[in-house]
Amino acid sequence: MDTIKVNISNAFGSITESTVSAMLPEASEALAKVDNGSGAGNDFLGWVKLPSETTADLVDDIIATAERLRKECEYVVCVGIGGSYLGAKAVIEALSDSFAAYRCDNGATKVVFAGQNIGEDYMHELLQLLDGKRFGIVVISKSGTTTEPAIAFRLLKEKLEQQAGKQKAAELTVAITDAKRGALRQLATEEGYKTFVIADNVGGRFSVLTPVGLLPIAVAGYDIRALLNGAAEMEAATTAASLDNQSLLYAATRNALYRAGKKTEILANFNPKLHYFGEWWKQLYGESEGKDGKGIFPAAVDLTTDLHSMGQWIQEGERTIFETVISVAASDHELRVPADSDNLDGLNYIAGKRIDEVNKMAELGTRIAHVDGGVPNIQITLPALQEKWLGQLIYFFEKACGISGYLLGVNPFNQPGVEAYKRNMFALLEKPGYENETAAIRAKM
Ligand SMILES: O=P(O)(O)OC[C@H]1O[C@](O)(CO)[C@@H](O)[C@@H]1O
């Protein structure tokens, strides 16, 4: 079976091959905690067997629901934040025509996102876009009480009910939430929305292969069966307690680098369609590892774009970073550099070459330059931006994240730190029940 590949041959300097090999017993223990559920946070391991255990009935139901929305709606607004948004956004962006938003003529349903910010202008402009349009809503919140999506959903629900009437609005709304608990579950029951469940044992940032990610991806017209199949292949390929297990290898290497003083990992892509993959990855690793005063800081760059902004820092700044490059072997389309008789820009030496070949040389040149500059490099190669490979990549990173969190010595499946800003915001907005916090925060101002 073909799988995505990790190459650590350029990660050495502050660590050696034997440093990584010496991590194997510890990494195998961490892997066992993920696979056997014997570690901290083991009530959130529902994602481990999701690809192989997702039933055909559920997939059929998701696809049928997506088809219904695609038939009835010009726009589907997916409302959610963090893990209830980033996975779908990452996969849709990776698979989409970069200019899909500007191609108003193809009649395909457009997936737009809301509830991932509290931007007043963003919401105003979205409501304006939807004015008089046939639209539907997929509202996604595991807890059902997250402020950002709750505000967006209030506005969108009101708009949809005004435009389509209450009953039709209910038919055009799908809620993805907890099976029993929470405000969204209660509302969905009262209003009669079609619902899908986020299982108790799957945390938001590990939920892209549940209806949370699968429904928006299917609404956007992509093949969720292929995505799940790819993930299932990687599920099967990441159980061995060996450095051939690509997730274990990546987790062991990044922890070896961290222990050697490399505190920041920069995830780099050379394909603009992977920008949101970096955003998804940042949440996955940031929320999983950044706790107890520990954790590799996950940063992401889009190259070559950011070589003209962050390139200087990466090349010559503080040597506490390492870089992980997602390398896509083949592009979908073929385009060559044109020849020009005047050659004023001096580009004729590459005339006739594929744009992708130029990009690949930029990638190789960057990798060599950064390694020479003291930035260890891990390379992850996938053959193409297609559902199967993205499914593999998602599962690869999830599995590695669980192993890596245990290697780091934290509970990778909680995120207690996220509550701090919420408590302050509620106190400042004078939420009932927060009177003491309101007084305390006012005293600090
Ligand atoms: O799906 P919910 O409950 O709205 O949560 C959204 C996001 O908020 C967090 O709880 C905190 O950022 C994330 O872990 C989660 O992905």
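The values are calculated or read from the model by the stated rules, or taken from the named source; none is laboratory data. These figures come from a predicted structure and were not determined experimentally. Positions of Cβ are backbone-derived with ideal geometry, glycine not excepted, and every protein chain shown enters the neighbour counts. Surface areas here come from the heavy atoms of the whole protein model, side chains and all, with no ligands, DNA or RNA. Shrake-Rupley method; radii C 1.70, N 1.55, O 1.52, S 1.80 Å.
Taking the average, over residues, of other Cβ atoms within 10 Å as the packing measure, peptides 89-98, 74-83 rank 74-83, 89-98 from highest down. Ordering 344-354, 264-274, 156-166 by mean Cβ neighbour count within 10 Å, with the highest value first, yields 264-274, 156-166, 344-354. The residue list ALA362, ALA443, SER143 was ranked by how far each Cα lies along the charge dipole of the chain toward its positive end, using unit charges on Cβ atoms, and ALA443 comes out on top.
One quarter of the surface of the convex hull around the alpha-carbon atoms of the chain equals 24.6 nm², the direction-averaged projected area.
Dividing the helix sum by the residues of the chain, where each DSSP H run of 4 or more adds -39500 (n - 2.57), gives a mean residue ellipticity at 222 nm of -14500 deg cm²/dmol.
Which entries in LYS273/LYS353; LYS110/LYS142; LYS159/LYS388; LYS399/LYS431; LYS49/LYS89; LYS110/LYS294 show an alpha-carbon gap greater than 29 Å? Listed pairs above 29 Å: LYS159/LYS388; LYS399/LYS431; LYS110/LYS294. Taking 7 Å steps out from each Cα toward its Cβ at GLU357 and THR320 produces label points 4.3 nm apart.
Using C-alpha pairs under 8 Å with a sequence gap of at least 6, the mean separation divided by the residue count of the chain gives a relative contact order of 24 percent. Placing pseudo-labels 7 Å out from each Cα toward the beta carbon at LYS166 and SER143 gives an inter-label distance of 3.0 nm. A cut-off of 5 Å between modelled amide H atoms, ignoring neighbours fewer than 5 places along the same chain, links GLY136 with TYR75, VAL76, VAL77.
For the chain, the per residue solvent-accessible surface stands at 45 Å², with DNA, RNA and ligands left out and a 1.4 Å probe. With the charge dipole of region 1-152 set up from +1 on Lys and Arg Cβ and -1 on Asp and Glu Cβ about the Cα centre, the Cα lying farthest toward the positive end among the listed residues ALA114, ALA22, GLY46 is that of ALA114. All alpha carbon pair distances within region 111-185 were sorted into 10 Å bins beginning at 0; the resulting P(r) in whole percents reads 19, 52, 26, 2. Calculated translational diffusion coefficient of region 50-225 (4 °C, 1.567 mPa s; Stokes-Einstein with Kirkwood radius over alpha-carbon pairs) equals 81 µm²/s. The mean of 1/r over all pairs of different alpha-carbon atoms in region 359-445, once inverted, gives a Kirkwood hydrodynamic radius of 17.9 Å. Projecting the Cα atoms of GLY132, GLY165, ILE217 onto the dipole axis of the chain, where Lys and Arg carry +1 and Asp and Glu carry -1 at the beta carbon, places GLY165 farthest toward the positive end. Expressed in units of 2.2 N^0.38 Å, where N is the residue count, the Cα radius of gyration of region 299-396 is 1.27.
Ranked by the mean number of other Cβ atoms within 10 Å per residue, highest first, peptides 393-401, 293-301, 45-53 order as 393-401, 45-53, 293-301. Extending 7 Å from the Cα toward the beta-carbon at both HIS333 and GLU191 defines two label points whose distance is 3.8 nm. Residue by residue, region 171-179 carries 3J(HN,Hα) couplings of 5, 8, 10, 10, 10, 10, 7, 4, 4 Hz when phi is fed to the Karplus relation 6.51 cos²θ - 1.76 cosθ + 1.60 (θ = phi - 60°); x denotes Gly or Pro.
Screening the chain for DSSP H helices whose Cα atoms reach 30 Å or more along their own axis and whose mean Kyte hydropathy is at least -1.0 gives 387-408.
Overall, the chain carries a charge dipole of about 820 debye about its Cα centre when +1 sits on the Cβ of Lys and Arg and -1 on the Cβ of Asp and Glu, all other atoms neutral.
Taking all protein chains in place and a 1.4 Å probe, what share, in percent, of the accessible surface of region 219-271 do carbon and sulfur account for? Answer for region 219-271 is 48 percent, counting heavy atoms of protein chains only.
Once the Cα-Cα distance is subtracted from the 0.36 nm per residue extended length, the SER341 to ALA183 segment shows a gain of 50.2 nm.
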